[in-house]
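Note sheet for the following structure.
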Protein chains: 2
Amino acid sequence: MSIVVVGSVAYDGIETPHGSVDRILGGACTYIALSASYFNPVKIVAVVGDDFDQEDVDFLASRNIDLAGLERVPGKSFFWQGVYSADMNDRTTLRTDLNVFADFQPKLPESYKSSPYLLLGNIQPALQKSVRQQMNGVRLAGGDTMNYWINDFREELLDTLKDWDFLLINDSEARLLSGETNIKKAAHKILSMGPNTLVIKRGEYGAMLFRQDQFFVVPGYLLEQVFDPTGAGDCFAGGFIGYMAQCGLDLKKGQIDRKELSRAVIYGSVMGSFCCEEFGPNRFRTLTRTEIDARFQEFKAFTDF
Amino acid sequence: MSIVVVGSVAYDGIETPHGSVDRILGGACTYIALSASYFNPVKIVAVVGDDFDQEDVDFLASRNIDLAGLERVPGKSFFWQGVYSADMNDRTTLRTDLNVFADFQPKLPESYKSSPYLLLGNIQPALQKSVRQQMNGVRLAGGDTMNYWINDFREELLDTLKDWDFLLINDSEARLLSGETNIKKAAHKILSMGPNTLVIKRGEYGAMLFRQDQFFVVPGYLLEQVFDPTGAGDCFAGGFIGYMAQCGLDLKKGQIDRKELSRAVIYGSVMGSFCCEEFGPNRFRTLTRTEIDARFQEFKAFTDF
């Protein structure tokens, strides 16, 4: 079942302890779409400038990503530049040029509007809401947000969240959104804001899933080398919704198969871990579904007792 | 099968966001012994001053802990005072008075020497080595260490580790000991130093177990309120060796039941989580084995997929 993904398609400049790239394909929408494309057909909604390379269009198309909603306008594409700390647990943003993204007004092609799955990448809450409203009969919608929207667009965000089935955020964002230091208390407060399902991402430490009566935790995958963590959280989101769409999951139903939902969290973790293995989205140039399923089995093996 | 535990028996002054105590029973040996006592008979080796309260002797004895090796000498008991940060992930030591512990020379009672299990709490490596040498026919020995010994007593520590079956340390200590930033690389380097089994504790994020050909990860238990984390790592150690002793595990054998060993890590995590629920070791005044086994089952439930 097809998945609509909205967010940024951008160029990134990245410096990690393992090297640097001046300009590489990036953006939340890019990572989510690439990741989810291993599970189900994906349709993206985004905007790029006239500097957007044909090579990158071809890369996305090679993963069967529907680009009908990828608007191209005069100007430059969104550009982000950042540098990671030695242990790669922190990063400093050196530059954020919104460029054509500053005036982004997502417009869904007709062919997108009946897709049953919707993933709203980290953009202004009002835009996320507008996309949600353009869809007819969505079975499952959810997305991501960040500190900036939680702090400075709080009411707009709360109004947007009301219509979401799930929210994916990291632990510091969960604390900020809820005003609670304790993660368990924070989670239950967020579950009263609209989403019936909350996934808290903890980077290298894994992720936690909360519903009113269900709870699941997975540790992170231990990589021998983290090459570049850019996009890992978005790839988690892509694997999470990708697997839910593959199973046709509906989170609004009273009785959810908790294990099926947990497997979506595992696939999210699997995709996030692969993302870190090369610069930018390069791992997705070679990654196969067979490798993905093998890593899923690794998770089974190293968490079973 | 009985377990010999060596380490500090002390008084602590603790301040957390939930309150403070001026003087409460503490010390690594105390926590390890209390925790392990739920699984197997425990015999402790430690020294206290003549200020050590009868009430605390009675508390340890009430858990059937053998106190024949608890030496009492003139002077004051080891005293540690610390204050925790708001999120309790950091603590600052305000005072460390070694007192009678400064001249501690562990002497094992004859009745201890044939115990098959030995847990060496965090004390000077040479003293850990001396205890190991006083034992006859130990089946399984291991313990803990810390930054101070890794930095300033490195050769002595490496010489001591050679005879251990397992080492329990936290992730920053593993990086320091190995000189590797990546935890997977750090772990394999440490496994070449002597211990065939390494447990890396990650506080609220759980723990990882490494052997040459085995790997297991468990996420942390999510408490609604962390009251006081003092001693949680030692209680982990107590649950870990306690369960191994209960099963009669021998880590030197070629074929180890990986799941049985993983369950020891879970019991470690369970005991560490209970420890945080009250000030100092107070949770062990009421804790029952039934509660412990129920929490073990909770771990089963929230990690299964």
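The values are calculated or read from the model by the stated rules, or taken from the named source; none is laboratory data. As the structure is a prediction and not an experimental result, all values here were calculated from the model. Positions of Cβ are backbone-derived with ideal geometry, glycine not excepted, and every protein chain shown enters the neighbour counts. Only protein heavy atoms, including side chains, enter the accessible area calculation; ligands, DNA and RNA are left aside. Shrake-Rupley method; radii C 1.70, N 1.55, O 1.52, S 1.80 Å.
Specify the residue that is farthest from the other protein chains (Cβ to nearest Cβ); the eligible residues are those in region A:183-192 that are surrounded by 17 or more Cβ atoms within 10 Å (Cβ to Cβ) and over 17 Å from A:ALA237 (Cβ atoms).
Quick first cut of region A:183-192, residues surrounded by 17 or more Cβ atoms within 10 Å (Cβ to Cβ) only: A:183, A:186-187, A:190-191.
Subset that is over 17 Å from A:ALA237 (Cβ atoms): A:183, A:186-187, A:191.
Working: A:ILE183: 6, A:ALA186: 11, A:ALA187: 9, A:LEU191: 14 Å.
By that ranking, first place goes to A:LEU191.
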Q: All but one of (1) open to solvent by 10 Å² or more (accessible area, probe 1.4 Å); (2) in contact with an Asp or Glu (Cβ under 8 Å, 6 or more places away or on another chain) hold for A:ASP257, so report the exception by its number.
A: (2)
Q. Just to be sure, is B:ASP171 open to solvent by 20 Å² or more (accessible area, probe 1.4 Å), under 24 Å from B:VAL83 (Cα atoms), away from chain A (no Cβ under 14 Å) and acidic (Asp, Glu)?
A. no
Q | Unique match (being part of a helix (DSSP H, G or I) and among the aliphatic types (A, V, I, L, M)) among A:ILE14, A:ILE44, A:ILE24, A:ILE32 | A | A:ILE32
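Residues are listed down the side, and each one gets a yes or a no for (1) modelled with pLDDT of 95 or more; (2) within 14 Å of chain B (Cβ to nearest Cβ); (3) more than 17 Å from A:MET208 (Cα to Cα); (4) part of a helix (DSSP H, G or I):
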| residue | (1), (2), (3), (4) |
| --- | --- |
| A:ALA264 | yes, yes, no, yes |
| A:GLY268 | yes, yes, no, yes |
| A:PHE274 | yes, no, yes, yes |
| A:GLY280 | yes, no, yes, no |
| A:ARG283 | yes, no, yes, yes |
| A:LEU287 | yes, no, yes, no |
| A:GLU291 | yes, no, yes, yes |
| A:ARG295 | yes, yes, yes, yes |
| A:PHE299 | yes, yes, no, yes |
Q: Can you tell me which residue within region A:75-87, out of those that are part of a loop (DSSP other than H, G, I, E, B) and surrounded by fewer than 19 Cβ atoms within 10 Å (Cβ to Cβ), is farthest from the other protein chains (Cβ to nearest Cβ)?
A: A:GLY75
**Q.** Matching residues, region B:183-192, being part of a loop (DSSP other than H, G, I, E, B) and among the small types (Gly, Ala, Ser)
**A.** B:SER192
(Q) I need a count of the residues in region B:105-128 that are in contact with a strand residue (DSSP E or B) (Cβ under 9 Å, 6 or more places away or on another chain) and closer than 17 Å to B:CYS29 by Cβ. (A) 16
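Within region A:260-271, which residues are open to solvent by less than 10 Å² (accessible area, probe 1.4 Å), closer than 24 Å to B:ALA207 by Cβ and not hydroxyl-bearing (Ser, Thr, Tyr)? Working first, answer last.
So in region A:260-271, the residues open to solvent by less than 10 Å² (accessible area, probe 1.4 Å) come out as A:261-262, A:264-266, A:268, A:270-271.
After this cut, where a residue has to be closer than 24 Å to B:ALA207 by Cβ as well, the list is A:262, A:265-266, A:268, A:270.
Selection gives A:VAL265, A:ILE266, A:GLY268, A:VAL270.
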Q. Counting just the residues of region A:193-250 that are open to solvent by less than 10 Å² (accessible area, probe 1.4 Å), part of a strand (DSSP E or B) and away from chain B (no Cβ under 11 Å), which one comes out nearest to A:ASN282 (Cα to Cα)?
A. A:VAL199
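Hey, among B:PHE166, B:PHE153, which residue is at pLDDT 95 or above and surrounded by fewer than 20 Cβ atoms within 10 Å (Cβ to Cβ)? Reasoning before the result, please.
Values: B:PHE166 fails: surrounded by fewer than 20 Cβ atoms within 10 Å (Cβ to Cβ).
Only one candidate passes the filter, namely B:PHE153.
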